[in-house]
Amino acid sequence: MSDSLKALEAAFRKEPYAQIFGLEIVEIEPGRAVVRMKTTQKMNNIFEMVHGAAIYSLIDSAFELTVNSHGTVAVALSLNVSYLNAAAPGEVLLAEGKEVNKSPRISACEIRVTGEGGRLVAICQTLAYRKKDPLPFL
């Protein structure tokens, strides 16, 4: 693993928002990241299912890691999420982000959220603006 990926992983482990949701990096490499979240009842909506905003947080974190995995700052331009199946409290969710196109300024990614048994929970298409600045913690 490169020094920049190690630094990105260390920064993510310290990120307060990721700690609130118990988000963990499963895999990370240039242009790809897998993030894990064990859902809890505190993430429930009024229907006793995992709230879409909790799933969105998982998606956004996988996106953040995927587009910043090259060692330079990338910031979100858009995320388009489709929720396909409900997630139950206590279920472990995985979000896999893959960069599908990268130009000097724009990165396009797909993020897939799966639940137990590989059930597809949500899909997301994203765009990020790639700045020239190195990650500030390198």
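From the list 55, 46, 59, 25, which one is in contact with a helix residue (DSSP H, G or I) (Cβ under 6 Å, 6 or more places away or on another chain) and of a type in the set (Val, Ile, Thr)?
After ruling out the rest, the residue left standing is 25.
State the number of residues belonging to region 31-81 that are of a type outside the set (Phe, Trp, Tyr) and not in a helix (DSSP H, G or I).
Of the residues in that region, 31 qualify.
What number goes with the only condition from (1) touching a helix residue (DSSP H, G or I) at 6+ places or on another chain (Cβ under 9 Å); (2) crowded, with 17+ Cβ neighbours inside 10 Å; (3) within 21 Å of residue 4 (Cβ to Cβ) that residue 76 does not pass?
Condition (2) is where residue 76 drops out.
Just the residues that are over 19 Å from residue 23 (Cα atoms) and touching a residue at least 40 places away in the same chain (Cβ under 8 Å), please, taken from region 82-131.
Across region 82-131, the qualifying residues are 82, 99, 102, 107, 109, 125, 126, 127, 128, 129, 130, 131.
Return yes when residue 20 is surrounded by 15 or more Cβ atoms within 10 Å (Cβ to Cβ) and closer than 23 Å to residue 116 by Cα and no when it is not.
no
Go through region 38-77 and report how many residues are within 17 Å of the chain's Cα centre (by Cα) and acidic (Asp, Glu).
2
Looking at 50, 73, can you tell me which residue is β-branched (Val, Ile, Thr), modelled with pLDDT of 95 or more and within 11 Å of residue 113 (Cβ to Cβ)?
50
How many residues are out of contact with any strand residue (DSSP E or B) (no Cβ under 7 Å at 6 or more places or on another chain) and farther than 12 Å from residue 67 by Cα if we restrict to region 25-48?
So the answer is 7.
May I ask you to say which residue of 108, 122, 87, 62 is among the aliphatic types (A, V, I, L, M), surrounded by 22 or more Cβ atoms within 10 Å (Cβ to Cβ) and closer than 23 Å to residue 2 by Cα?
62
Within region 39-47, can one find any residue that is modelled with pLDDT of 95 or more and closer than 17 Å to residue 124 by Cβ?
Within region 39-47, not a single residue is modelled with pLDDT of 95 or more and closer than 17 Å to residue 124 by Cβ.
Only one of 76, 128 is touching a Leu at 6+ places or on another chain (Cβ under 7 Å) and either within 22 Å of residue 12 (Cα to Cα) or among the hydrophobic types (A, V, I, L, M, F, W, C) (or both). Can you tell me which?
128
Based on this model, can you work out whether residue 135 counts as within 23 Å of residue 51 (Cβ to Cβ) and at pLDDT 95 or above?
Judged against the criteria, residue 135 is not a match.
The values are calculated or read from the model by the stated rules, or taken from the named source; none is laboratory data. Just so it is clear, the structure is predicted and the values come from calculations on it, not from any experiment. Every residue, glycine as well, gets a Cβ built from its backbone with ideal geometry; the counts of neighbours run over all protein chains shown.
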